[in-house]
Amino acid sequence: RSKKTFASLLTYLITPKHITLEQGFLYVRVISANLNGIRSATNKGFLNWLATQNADVVGVQELKAQAADLTAEMQNPHGMYGYFHYAEKKGYSGVGLYCRKQPDAVIVGLGIADIDSEGRYLEVQFGNVSIISLYLPSGSSSEERQTVKFQFLDRFWPRLAELAASGREVIIMGDWNI
């Protein structure tokens, strides 16, 4: 696809959301994009498109890269701060968050070794707001992978319950592989 087609497709598929949080009247523009490989997406114009979006936070999924594979521009494009959770396996999954401002805290992973080895969860916190980039396993390729997906959901549920009980405002974006 051409760079123009890529940008048009992203603009069509990803409608930025303005979220009003009642406490503090915070207005945040967030965008989520499944990149299907950050290097490929960059070559097709993703970073140029990103520069035109005026987003506060951008969640990305399917990095399919390690830290050493990212250029300085991929790590911190156009004045944004980049945070990433890479999969241990090269060329596999991984999530990231680009933030216009530096967060108060960054949480990489869920603290569950087999899930964290696949780079599926990244959270940034700004005051009482948590913003999460999530990439759930797909269960469509086999019964075994469907079992993996259900196991992920069973072990992810306590984190969702913890967030719900915390009193924090929470935005979860990502590829849920429904």
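The values are calculated or read from the model by the stated rules, or taken from the named source; none is laboratory data. Since we're looking at a predicted model, the values are computed, not measured. In this analysis, Cβ positions are derived from the backbone assuming ideal geometry, glycine residues included, and neighbour counts consider all displayed protein chains. What goes into the accessible areas is simple: the full protein's heavy atoms, side chains included, and nothing from ligands, DNA or RNA. Shrake-Rupley method; radii C 1.70, N 1.55, O 1.52, S 1.80 Å.
Summary of values
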item	result
Of all residues in region 17-38 being in a loop (DSSP other than H, G, I, E, B) and farther than 15 Å from residue 92 by Cβ, the one that is modelled with the lowest pLDDT	22
Flag for residue 106 being open to solvent by 50 Å² or more (accessible area, probe 1.4 Å) and not basic (Lys, Arg)	yes
Any chance residue 118 is charged (D, E, K, R), at pLDDT 90 or above and surrounded by 15 or more Cβ atoms within 10 Å (Cβ to Cβ)	yes
Filter pass, residue 152 being touching a residue at least 24 places away in the same chain (Cβ under 8 Å), closer than 28 Å to residue 70 by Cα and in a strand (DSSP E or B)	no
Test for residue 111: is it modelled with pLDDT under 95 and assigned to a loop (DSSP other than H, G, I, E, B)	no
Tally of residues being open to solvent by 70 Å² or more (accessible area, probe 1.4 Å) and either under 16 Å from residue 108 (Cα atoms) or among the hydrophobic types (A, V, I, L, M, F, W, C) (or both) across region 37-81	3
Residues satisfying the stated conditions in region 69-84, i.e. of a type in the set (Gly, Ala, Ser), assigned to a helix (DSSP H, G or I) and at pLDDT 95 or above	72
Lone qualifier among 127, 96 - being out of contact with any strand residue (DSSP E or B) (no Cβ under 7 Å at 6 or more places or on another chain), closer than 23 Å to residue 54 by Cβ and of a type in the set (Gly, Ala, Ser)	127
Count of region 39-66 residues which are in contact with a strand residue (DSSP E or B) (Cβ under 7 Å, 6 or more places away or on another chain) and either in a helix (DSSP H, G or I) or over 21 Å from residue 131 (Cβ atoms) (or both)	1
Residue that is modelled with the lowest pLDDT [pool: residues in region 54-68 that are of a type outside the set (D, E, K, R) and closer than 16 Å to residue 171 by Cβ]	55
Candidates 139, 127, 94, 167, filtered to the one that is at pLDDT below 90 and touching a Lys or Arg at 6+ places or on another chain (Cβ under 7 Å)	139
